[in-house]
1. Restrict the check to segment 158-166 and report whether at least one residue is among the small types (Gly, Ala, Ser) and more than 18 Å from the chain's Cα centre (by Cα).
2. Scanning segment 71-93 for residues that are over 25 Å from Asp133 (Cβ atoms), of a type outside the set (Phe, Trp, Tyr) and loosely packed, with under 15 Cβ neighbours inside 10 Å, which turns out nearest to the chain's Cα centre (by Cα)?
3. Could you look through segment 34-82, keep only residues that are touching a residue at least 60 places away in the same chain (Cβ under 8 Å) and among the small types (Gly, Ala, Ser), and pick out the one that is nearest to Lys136 (Cα to Cα)?
4. What single numbered condition from (1) assigned to a loop (DSSP other than H, G, I, E, B); (2) at negative phi; (3) surrounded by fewer than 18 Cβ atoms within 10 Å (Cβ to Cβ); (4) not aromatic (Phe, Trp, Tyr) fails to hold for Ile138?
5. Listed residues Ile63, Ile100, Ile91; which is more than 17 Å from Leu17 (Cα to Cα) and of a type outside the set (Gly, Ala, Ser)?
6. Taking strands (runs of 3 or more DSSP E) that do not extend beyond segment 1-101, which have at least 1 residues that are among the basic types (Lys, Arg)?
7. Do we have any residue at all in segment 116-125 that's buried (at least 18 other Cβ atoms within 10 Å of the Cβ) and closer than 18 Å to Ile12 by Cβ?
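Bear in mind that the values in this text are calculations on the coordinates, not laboratory data. All figures in this text were calculated on a predicted structure; none of them were measured in a lab. When we count neighbours, we look across all protein chains shown, and the Cβ atoms used for this are built from the backbone with ideal geometry, even at glycine.
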Amino acid sequence: MLTGKHTSLRAIEKNDLPQLMEWRNNPELRKYFRESREINSFNQIKWFESINDVNSLHKMFSIVETGSNQLLGACGLCYLDWMNRSADFSIYLGHKELYIDDVYAIDAAKLLQNYGFNVLNLHRLWAEIYSMDEPKKIFFKSLNFKLDGELRQTYWHNGAWHNSLFYSLLESEVL
């Protein structure tokens, strides 16, 4: 378990799956996810099994409140590229539909950054978000991630096209 001031990151347990699936299917949160379709329990179990496979290129965690152990959300490093020492940085808070905040999400993100850079020896963390995702734009800026580029009109949502924004953080840029 990785422990911070407000949050701890622990392995995702099977009993977390119903709550994670409920949050994952919440339309107010789902609109920000790259996989925008609603998932069922079969899909959730397949995902859980895939992240626990010994050869998985995903290191996923449950975010829990330090002390109470209340499940808050999930985060992880996905699409691990060991040769180039990089991974996709993924995080959300489903508890009380927080999605991203400046207490729990920041604390969990710093734990995940430390794990990526100091335990996995990664060089670069990156993330793709949609241009309509204002909370994550602020979030990544506060974590010192840099905007690397933008792909135009990659995501159709609510009757409009949105761009994909790519952010990254190098190990030398961690504050």
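1. Within segment 158-166, one or more residues are among the small types (Gly, Ala, Ser) and more than 18 Å from the chain's Cα centre (by Cα).
2. Checking each candidate, the answer is Asn84.
3. Ranking the candidates gives Ala74 first.
4. (1)
5. Ile100
6. Because the criterion is at least 1 residues that are among the basic types (Lys, Arg), the strands (runs of 3 or more DSSP E) in segment 1-101 that meet it are 7-11, 59-65.
7. Looking for residues that are buried (at least 18 other Cβ atoms within 10 Å of the Cβ) and closer than 18 Å to Ile12 by Cβ, one finds at least one in segment 116-125, hence yes.
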